[in-house]
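What follows is a set of notes on a single structure, which appears directly below.
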Amino acid sequence: MANRARTLGNKVVYQIYVRSFQDSDGDGIGDLRGITHRLDYLEHLGVDYLWITPFFVSPQNDNGYDVADYRAVEPMFGTMDDFDELSREAEAHGIGLMLDMVFNHTSTSHEWFRRALAGDPRYLAYYKFVDAAPDATAENPGVPPTNWVSKFGGSAWEYVPSLNKWYLHLFDKSQADLDWDNPEVRAELVDVVRFWKAKGVSGFRFDVVNLISKPAVWEDDHEGDGRRFYTDGPHVHEYLQELVRESGIDDMVTVGEMSSTSIDNCVRYTNPDFHELSMAFSFHHLKVDYLNGDKWALKDPDIPELRAIFRDWQEQMTEQGGWNALFWSNHDQPRPNSRFGDVSTPDSWRRTSELLGTCIHLMRGTPYIYQGEELGMTNPDFRSIDEYRDVESKNYYEILQEEGKSAEEAFRIVSERSRDDSRTPVQWDATPTAGFTTSTPWIGVPSNHVTVNAEAEVADPSSVWSFYQGLIRLRKTEPVIQEGDVRFLPVLSDAVIAYERTLGSTRVVVACNFSGDDVAALAAGAVADGEVLVANYADVAAERGELRLRPYEVRAYVWR
Ligand code: GLC
């Protein structure tokens, strides 16, 4: 059996959200040349691959996840020459590129959709169009084919009066779901992958790829929002295998974004025997602060639940030959240190950021660092809804008030849950636009950029940045982290998560305190005679008795 640990266990991926990474032409929006300018920084950090979010032609209703032309560069992000230059330069820096393929849907500005709207039957069959009632009108379209809810709020169906049909959009109404049951659609998408593969990229990230296969019959969901009918849908594995085989990417590094998925499905998505993808993002660990599973209802993170989720995914994926993408953060999530820890003082901010990094970087899988995470960037201190840009945040600010919340309460929820929390410009230096642009950035810069920034941190051996650089180095030098088995350990406090990694006679124990209190973590003797491998407090020694941890402390011990 092919072994992902051998090929991917020593790699680290860095995610670039192009729009917010680095502006090179002074329009306030990040671009491809901005990435090229920062390759030295990325090489110095030590990452192997860059996942670059979509930079293809797009009306930007969902910041590029609404693609209107899969083979052309959106002018605001640069030109194809800029891409080719980035690709050459990245290679010279020893860094591979992974491109983001948004194949569940296209923008409604895509030529395929425009032809469909014009009534061309070939292109109508590219999407999920369903006839409306014969007497439907623009004013009175009647009921949509199902009661499913769009991920961005409202119905998942949009009525088109000129066709007297509805089309499915699991996301914004300008993002129409493709019909993967149509072999012509699948062939088109294979061609797109081949196009970028021929340009020499190292791999791909596939956006919400476990939603591509829709059920044969449209039915209402009386228990939920519809997701149980299309998540990990009926033909998803077959379609993925075909895409991978036909585009010839089985040996490339690939990751699928798997919405509301299961371990069993992710084993199939990632175990090399099935020839689907190299690894999968799953999100259950990022819902432990959703009250009753609702993203728009706040609760404190449930650490025992977080521990159970990590345990199940780490242990069961390992047992069944699957491979996890390890991450806390991306362009859709709030900053994890603001979310899971305490960023209110410089000390607690640094410890929280380092605790979180260590907790996942020593797990089994391939770690992803989202831009700015290595600096300990936090959620912004925005004061009004006008400072937010994201379609989902704006929609939910309204929806929460329609549901009866006050404007203040709705704002508080949005400010904690907004995707814009992580979309603020990368903090390169202490100048007013944080070195991101020479003009006005498309979204505001958090005020803490005066201290939390790359210029200050790269030069400081005790910074969060240097700590992350150390974690990446550690992965590259320790086979037990790359390939070792993983087992979760019994803990003495609800606030603690602990696991061990083993390879041959080497053993590593990692213990993380997710609270602001001193706690008992592991029973007496659990780390006896171990040598300290990672610590985020200065005065850490070997420990024979019970292991106690201070606020947001993490320790890893090794036995060889
Ligand atoms: C994924 C992307 C997100 C986007 C959505 C629709 O979840 O990460 O940013 O809005 O898919 O494409």
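Just so it is clear, none of the values below were taken in a lab; they were calculated from the coordinates. Just so we're clear, the structure is a prediction, and the values are computed from it rather than from any experiment. Neighbour counts are summed over all protein chains in view; Cβ atoms, including those assigned to glycine, are modelled from backbone coordinates with ideal geometry.
For the range 136-209, trypsin sites (Lys or Arg not before Pro) are listed when DSSP marks them as loop and at most 14 other Cβ atoms sit within 10 Å of their Cβ; the list is K199. Here is the list for the range 237-314: trypsin sites (Lys or Arg not before Pro) lying in DSSP coil, each with at most 14 other C-beta atoms within 10 angstrom of its C-beta, are K299. Radius of gyration over Kirkwood radius for the chain, both on Cα atoms: the Rg/Rh ratio is 0.96. Taken along its three principal axes, the alpha carbon spread of the range 130-258 comes to 51, 33, 24 Å, from the longest extent down to the shortest.
A run of the chain free of exposed loop cleavage sites, with GluC sites (Glu not before Pro) counted only in DSSP states other than H, G, I, E and B and at most 13 other beta carbons within 10 Å, reaches its longest extent at 224-402. Computed over the Cα atoms of the range 200-342, pair by distinct pair, the Kirkwood hydrodynamic radius stands at 16.4 angstrom.
List the trypsin sites (Lys or Arg not before Pro) in the range 358-412 that DSSP assigns to loop (not H, G, I, E or B) and whose Cβ has at most 12 other Cβ atoms within 10 Å. Which are they? Sites meeting the loop and neighbour criteria: R383. Here the contact order of the range 455-560, divided by its residue count and restricted to Cα pairs under 8 Å and six or more residues apart, works out to 22 percent.
Gain on full extension, evaluated as 0.36 nm per residue between N292 and S348 minus their Cα-Cα distance, stands at 17.3 nm.
The value of relative contact order for the range 416-485, using C-alpha pairs under 8 Å at least six residues apart, is 22 percent. Shape call for the range 1-110 from the C-alpha gyration tensor, a ≥ b ≥ c root eigenvalues: rounded (a/c under 1.5), prolate (a/b greater than b/c) or oblate? Cα axes put the range 1-110 in the oblate bin.
Shape class for the range 63-183, computed from the alpha carbon gyration tensor (a ≥ b ≥ c): prolate, with a/c not under 1.5 and a/b above b/c.
Using only side-chain charges placed at the Cβ, +1 for Lys and Arg and -1 for Asp and Glu, the dipole size of the range 401-548 relative to its Cα centre rounds to 420 debye. With 30 Å as the limit on Cα-Cα distance, the pairs of K199/K287; K214/K295; K11/K214; K287/K405 that go past it are K199/K287; K11/K214. Could you tell me the calculated FRET efficiency between K405 and R228, based on Cβ-Cβ distance and R0 = 22 angstrom, to the nearest 0.05? Rounded to the nearest 0.05, the efficiency is 0.20. Rounded to two decimals, the Cα-based Rg/Rh of the range 310-374, with Kirkwood Rh, is 1.03. For the pair T506 and R88, a Förster radius of 30 Å applied to the C-beta separation gives a FRET efficiency near 0.15, rounded to the nearest 0.05. In units of the compact-protein estimate 2.2 N^0.38 Å, the range 437-560 shows a Cα radius of gyration of 1.29.
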